[in-house]
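Participant: Quick one: structure below, then a few questions.
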Amino acid sequence: MSADDVKESSLPKVSRSRRWVWVLAVALILAIWPAYQAARAYKTSGFRQKCLQARDQEDWRFMRQTAEEWAEWNPEDGAPWWFAAEASQELDELDDLAFFLGHVPESDPKVLFALIEKANLEWTALNRPLDGLKTSEKIIAMDPRVLEIHSRIISFFAMNLQRPELIAAIDRAIDAGAEPRESYAYLLLADMLSFTNGSDLNSRWLASSPDEVRFKIGLGVHTAMKLAMSVDGARTDDSIALDEEASRQLQFFLEAAPHDSTLLTYLMYRAYQAADVDRVGELLKQVDGSAANDHMVWVFRAWYHTTYDELEDAEASINEALRLHPISPLAHHEYANLLRRKQSPDVELHQRLAAEGRELRSQLLRLPTVVDLDVEMLNRIRQYAVDCNATRIAETLKKRLTPRRSSALR
């Protein structure tokens, strides 16, 4: 027998041996797998029965304890997280309720409902707005059509005076066809946001996050606005002193956050009202790229350049402001100011748009709340958007106001 004959005769034996190993392994798995699955099903059933029994007996602590053990054993199952959440709700332990709702796995068919409930807790009872914002953003990423959550995000940015973020949030809601009706009020009010409950809300949020600069600035600017209005209404020694103290406080914040567009634009607005061109110029020097999407920075830049007859720079600035926010009444006012300098016949158009926008803004400020917009006011905003060539806003509002879809605007 040759060496080749030996190789040929031995190879089939090795191959058959290996094949038998695989066959035995597969057979073993097939035998064990059903037993393993049965054991898991039996254990799952045991946890479920204990939870149901605890619910019947209203033994909420035992129910939660059992659910937590179940979740630790099988965190990918949504059922134990729901049982634990239910028990926490009955015990009025809201931190735990939010925790369990946040751990419902994405494979659970009701995960979106769990996250919405978690977000609502964080926005309200738990007073954790930063967590609420994070949860809300996760919800919108999963399903951008949740109007309630868009409303939460939009209101947060409005009350916190974050203008570019507010307008971006409204744009995103419009893209999803899920913008709340107050969106259109906020768009008209965006030039200078101010709310009677703004100080209270930012103070409440600051209590939950004492180091959060955004809440400090939101509270400071709202307080300064309120004091400035009281000085304008009745100049007394006390009101003037408080107003000056508020201005010093804002300057302190500005030293800590020198490029913050909320602070800068408010201080520019005060200087603009006082016709203090040099002060506006100083503040404009502090603007960096983070404020590039704030249309009011470009409005004040246009005013500054117009004052010094730098008309080409002024026109570029005002066009950028209107690109970012075409229904800004103050932007149209400053465009009219520029066109007057240029002796352009279009000055009357922008004067009219500025006047219409101011009137709409004035009427919105007299509403009890921003959600109290009626169909007549929405139609007026739509027409104003048409006049301003804000095509996207006008067309979206037209769709929302058609009889079969008006219910989409809550």
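Bear in mind that the values in this text are calculations on the coordinates, not laboratory data. Model, not experiment: these values are computed from the prediction. Positions of Cβ are generated from backbone atoms using ideal geometry, with glycine treated the same way; all protein chains shown enter the neighbour counts.
Participant: Quick check on the chain: helices-only [θ] at 222 nm, where DSSP H runs of length 4 and up contribute -39,500 (n - 2.57) each and the sum goes over total residues. Nearest 500, please.
Facilitator: It lands at -24500 deg cm²/dmol.
Participant: Among 216, 134, 226, what is the fewest-to-most ranking by other Cβ atoms within 10 Å?
Facilitator: Starting with the residue having the fewest Cβ neighbours, the order is 134, 226, 216.
Participant: Over the alpha-carbon set of the range 188-408, work out the extent along each principal axis and list the three values in angstrom, largest first.
Facilitator: The principal-axis extents, from largest down, are 48, 47, 36 Å.
Participant: Then there's this: Among the listed pairs 118/226; 43/110; 118/398; 118/216, give every one whose C-alpha distance is greater than 27 Å.
Facilitator: 118/226; 118/398
Participant: Also, I was wondering about something else. Which of these, 105, 144, 345, has the largest mean-square fluctuation under a Gaussian network model of the chain (Cα springs below 10 Å)?
Facilitator: In the Gaussian network model the winner is 345.
Participant: Quote the charge dipole size of the range 188-408 about the Cα centre in Debye, to the nearest 20; the model charges only the Cβ of Lys and Arg (+1) and of Asp and Glu (-1).
Facilitator: Approximately 1100 debye in magnitude.
Participant: Can you tell me, using C-alpha contacts under 8 Å and at least 6 residues apart, the relative contact order of the range 188-408 as a whole percent?
Facilitator: Once divided by the residue count of the range 188-408, the mean separation gives 13 percent.
Participant: Ok, one more. Run the quick spin-label model on residue 130 and residue 341: label points 7 Å from Cα toward the beta carbon, then report their separation in nm to one decimal.
Facilitator: So the label points at residue 130 and residue 341 sit 4.2 nm apart.
Participant: Quick one: grab Rg to one decimal and Dmax as a whole number for the chain, Cα atoms only, in Å.
Facilitator: 31.2, 121
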